[in-house]
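Following: one structure in structure tokens, then a few remarks.
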Amino acid sequence: MGPLVTQPLDPVNPPAQPSRFAYQARRHLPERIIQWILFLAAFSAVTVTIAIVVILVYESLGFFRHVSLWDFLTDTQWTPLFSDKHFGILPLVAGTLVTTFVALAVSVPLGTVIAIYLSEFASHSVREIVKPFLELLSGVPTIVYGYFALLFVTPLLQLFLPDLPGFNMLSAGLVMGIMIIPYVASVSEDAMRAVPMHIREGSYAMGATRFQTAIRVVTPAATSGLVAAYILGISRAVGETMVVAVAAGTQPNLTWNPLEGAATISAYIVQVSLGDLPHGSLEYQTIFAAGLVLLLMTLAFNVVGHLLRKRFREAY
Amino acid sequence: MSAADPTADTRLHGIRALIARHKRWDYIFSVIGLVAMMIGIVTLLALFIDLVLDGYGKLNYDFFTSFPSRRAAGAGILSAWVGTVLVMLVTALAGVPLGVAAAIYLEEYAPRNWMTDLIEINVTNLAGVPSIVYGLLALGLFVYQLDLGQSILAAGLTLALLILPVVIVATREAIRAVPGAIREAAYAVGATKWQTVAHHVLPYSTAGILTGVIIGMARAIGETAPIITIGALTFIAFLPPSPVTTEPPFISFDWLFAPFTVLPIQMFSWLSRPQAAFLENAAATGVVIIVMTLAMNAVAIVIRYRFRKRIKW
């Protein structure tokens, strides 16, 4: 630093010596502003959640001023668009549960088997080919699956079940099941691959075969992750809209028989939205009440899933 | 136990039979696994072939340049694909910066405290909220509270919220893949935090972020339910006002507030008609949608695989 001190200074106009403090402030103020902007962007996730809850609860409160909660939960008919109005959510809940159950009956076994196969049996090259294909399967828009269910799967099923109506929950559920296989398979596979190698090696060292290791060692160790995968599948199936709106019909129908047609909660919301309902009317508010029930159902499944995962979690 | 012992011989046979039986199970399960995968892949193929067979007769120039019509033969998807493009434009402009910024905050800036936990829990939960619920949010918030009406802007913002979790998760993964040494090197030469992020972390994670953005947009293109919920019309025989005008200031934002329809809604509307001719139109629209989304997904997959091979830290 010696030469700097001996430098001749202009006595009239001394060069401005920016203090270290001012320099720091100039450098750090934009940093602060940027950090705040980024924080606000991240906080938008919380804002959206709050907005969803506020909007649904607010509009549903308007609905429950006209319809008692007891009627809503116990009436077996849902006919808000007819002159003889009934507001029982049960038929829509039943439709949602039946299609979800059919979808799970397809996607849970197939998804789990695919996950076990990919994680424990398949060679590296098979995995590299199959996984992108499964990703493509999950990329197909749901309206296209709806077309497929209505105009391909239903006629196909009618060959075996001649009495099957054109709109039925079976075909919608089956197609929905195929649609959510990739989600179930991919999360399950991640869970199984997260099981440490030495546990498998221990099993092989005892003379177990691949199948025994996969079923008796790896699968139990990955149960917590498998539950997460199934819950994800349930969430998808419960909230799925276009497949059921197209293929399962829009007639509320309190039945547990998948061979019949019935509206689900989401199909009802779509049906009402297609009409031209005045803002603020009771019919307009019904879709928010139905949406709230849908959200609570997804939430309930997720809470149950969280508890199950805690119950089965293995620590290594 | 001597070799002459007959019981040892039978026991050896028993063990060998046991091993063979268990090995057979290995084989059987491999077959079951392959069959299960084939069910998925065959369905994908059947779906695609079914659509193409039903709709290829309609896929010509006129189909893309005609408005929907009461006569199935002359109906086209002009207003639908223009609507889809404009809605996607709004979605990308709103959703991508927001999602990337949120991801940068969570990965690079967020302190470990309850606020960060709260944000993370909300991002995870939003990914699980059914898409139709986003539609209800948009109907209550954008259409009526903010008075945006049943417009392209409202639809674009709805889909932007919908793909937010996808973009955030993909961007975080991409940012996390950049090794800490890169950041330390930047700090060591005196870079500030933002300089480190903007000049080093973001450029290195661009491919990963792009993958996530493309997959999110592909999902948004196919989304039907939330857009129906905000009240998009199913029969639109005109185009939104052009964004470029002949009079100064030459740019108009009127199109943001125009009524619109999008491809999946057009398909749904034709699908709910009983006449077979309209079903053909629906199939052709389906082919257009599926080709768009599959192409986007394929691009994303290719980017990811090439990126993974090329980068060696």
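The values are calculated or read from the model by the stated rules, or taken from the named source; none is laboratory data. Worth saying up front: this structure is predicted, and the values here are computed from it rather than measured. Please note: Cβ atoms are built from the backbone with ideal geometry, for glycine as well, and neighbour counts cover all protein chains shown.
Descriptive notes on the structure:
- Of all the criteria given as (1) of a type in the set (Ser, Thr, Tyr); (2) away from chain B (no Cβ under 11 Å); (3) in contact (Cβ under 8 Å) with a residue 60 or more places away in the chain, the one not satisfied by residue A:235 is (2).
- Segment A:188-214 - residue that is within 13 Å of chain B (Cβ to nearest Cβ) and in contact (Cβ under 8 Å) with a residue 60 or more places away in the chain and, of those, farthest from the chain's Cα centre (by Cα): A:210
- Scanning segment B:139-149 turns up at least one residue that is of a type in the set (Gly, Ala, Ser), in the same structural domain as residue B:94 (by TED's automatic domain parsing) and buried (at least 18 other Cβ atoms within 10 Å of the Cβ).
- Taking helices (runs of 4 or more DSSP H) as the structural unit, those lying wholly within segment B:1-104 and holding at least 1 residues that are charged (D, E, K, R) and within 10 Å of chain A (Cβ to nearest Cβ) correspond to B:6-55.
- Of the residues making up segment B:3-41, those that are of a type in the set (Gly, Ala, Ser) and either at pLDDT 85 or above or surrounded by 11 or more Cβ atoms within 10 Å (Cβ to Cβ) (or both) are B:8, B:14, B:17, B:20, B:30, B:33, B:36, B:40.
- Pick from segment A:133-165, criterion free of Cβ contacts under 8 Å to residues at least 40 places away in the same chain and more than 10 Å from chain B (Cβ to nearest Cβ), ranking: nearest to residue B:284 (Cα to Cα): A:155
- Residue count, segment B:133-157 (criterion: within 11 Å of chain A (Cβ to nearest Cβ) and among the hydroxyl-bearing types (Ser, Thr, Tyr)): 2
- Test: residue B:307 is farther than 21 Å from residue B:156 by Cβ and at pLDDT below 75: yes
- Looking at A:216, A:210, just one residue is of a type in the set (Lys, Arg), surrounded by 20 or more Cβ atoms within 10 Å (Cβ to Cβ) and at negative phi, and that residue is A:210.
- Within segment B:269-283, the set of residues being away from chain A (no Cβ under 11 Å), crowded, with 16+ Cβ neighbours inside 10 Å and of a type outside the set (Phe, Trp, Tyr) comprises B:281 only.
- Single condition residue A:101 does not satisfy, out of (1) under 24 Å from residue A:240 (Cβ atoms); (2) surrounded by fewer than 21 Cβ atoms within 10 Å (Cβ to Cβ); (3) not assigned by TED's automatic domain parsing to the domain that holds residue A:229: (3)
- With respect to the conditions (1) part of a helix (DSSP H, G or I); (2) touching a residue at least 12 places away in the same chain (Cβ under 8 Å); (3) more than 9 Å from every other protein chain (Cβ to nearest Cβ), residue A:303 lacks only one, and its number is (2).
- Members of segment A:57-74 that are crowded, with 18+ Cβ neighbours inside 10 Å and more than 14 Å from chain B (Cβ to nearest Cβ): A:67, A:72
- Verdict on residue B:76 being small (Gly, Ala, Ser) and within 23 Å of residue B:272 (Cβ to Cβ): yes
- Residues being surrounded by fewer than 24 Cβ atoms within 10 Å (Cβ to Cβ), farther than 25 Å from residue B:260 by Cα and of a type in the set (S, T, N, Q) - total across segment B:150-181: 0
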